[in-house]
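Q: The structure is given below, and queries will be raised subsequently.
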Amino acid sequence: MATAPAWFAPVQAQLNRIEDTLAKLTNANNGNGHTYSFIIVNFNDNAPAISRLPALLNVAAIANLTYAQVNAYCQGYGIPMGTTSYMERKIGIARHIGCRDLGAFM
């Protein structure tokens, strides 16, 4: 596969942002992700989130994340952790990928 020329990097970055925005909008309409799975949202550095972590295809996948996985997702998505609880971080991840059905976390 050929490498894109350097001048294309800003265009590719914009396309990546558009792709993530569309994934989040789709996820917002997919309820809890059980009937229609969530679309994977890449990390802020555009690395695929599922290359080393479980795929977040529904709210159950988010609810079942371990403490270390939650921290890894927060770091990859740039979600501030500060003094937030484990559950608050899971909710932050769900919101970041576009999930609006937060009932599994309440």
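The values are calculated or read from the model by the stated rules, or taken from the named source; none is laboratory data. Bear in mind the structure is a predicted one, so any value in this text is a computation, not a measurement. As a convention, Cβ positions derive from the backbone with ideal geometry for all residues, glycine included, and neighbour counts pool all protein chains shown. Quick note on the areas: whole protein, heavy atoms, side chains included, nothing else; ligands and nucleic acids left out. Shrake-Rupley method; radii C 1.70, N 1.55, O 1.52, S 1.80 Å.
Q: Yes or no: Ile18 farther than 18 Å from Arg89 by Cα, part of a helix (DSSP H, G or I) and open to solvent by 30 Å² or more (accessible area, probe 1.4 Å)? Full working, then the answer.
A: Values: farther than 18 Å from Arg89 by Cα: yes; part of a helix (DSSP H, G or I): yes; open to solvent by 30 Å² or more (accessible area, probe 1.4 Å): yes.
So Ile18 fits the description; yes.
Q: Another question, then. For the condition over 10 Å from the mean Cα position of the chain (by Cα) and either under 27 Å from Val11 (Cα atoms) or open to solvent by 50 Å² or more (accessible area, probe 1.4 Å) (or both), what is the one hit in Asn58, Asn42, Asn29?
A: Asn29
Q: Still on this structure, I have one more. When region 97-106 is examined, which residues are found to be of a type in the set (A, V, I, L, M) and part of a helix (DSSP H, G or I)? Spell out the reasoning first.
A: The first filter runs over region 97-106 and keeps only residues of a type in the set (A, V, I, L, M), leaving 97, 102, 104, 106.
Hit for region 97-106 is Ala104, nothing else.
Q: Suppose we filter region 65-87 for residues that are outside any helix (DSSP H, G or I), modelled with pLDDT of 95 or more and open to solvent by 70 Å² or more (accessible area, probe 1.4 Å); how many remain?
A: Here the count works out to 0.
Q: Looking at region 97-106 only, could you name the residues that are in contact (Cβ under 8 Å) with a residue 24 or more places away in the chain and open to solvent by 70 Å² or more (accessible area, probe 1.4 Å)?
A: Hit for region 97-106 is Arg100, nothing else.
Q: Something else about it: Is there a residue being open to solvent by less than 60 Å² (accessible area, probe 1.4 Å), over 22 Å from Asn29 (Cα atoms) and either part of a loop (DSSP other than H, G, I, E, B) or at pLDDT 95 or above (or both) anywhere in region 88-96? Steps first, please.
A: Of all residues in region 88-96, those open to solvent by less than 60 Å² (accessible area, probe 1.4 Å) come to 89-94, 96.
Within this subset, residues satisfying the condition of being over 22 Å from Asn29 (Cα atoms) are none.
Looking for residues that are open to solvent by less than 60 Å² (accessible area, probe 1.4 Å), over 22 Å from Asn29 (Cα atoms) and either part of a loop (DSSP other than H, G, I, E, B) or at pLDDT 95 or above (or both), one finds none in region 88-96, hence no.
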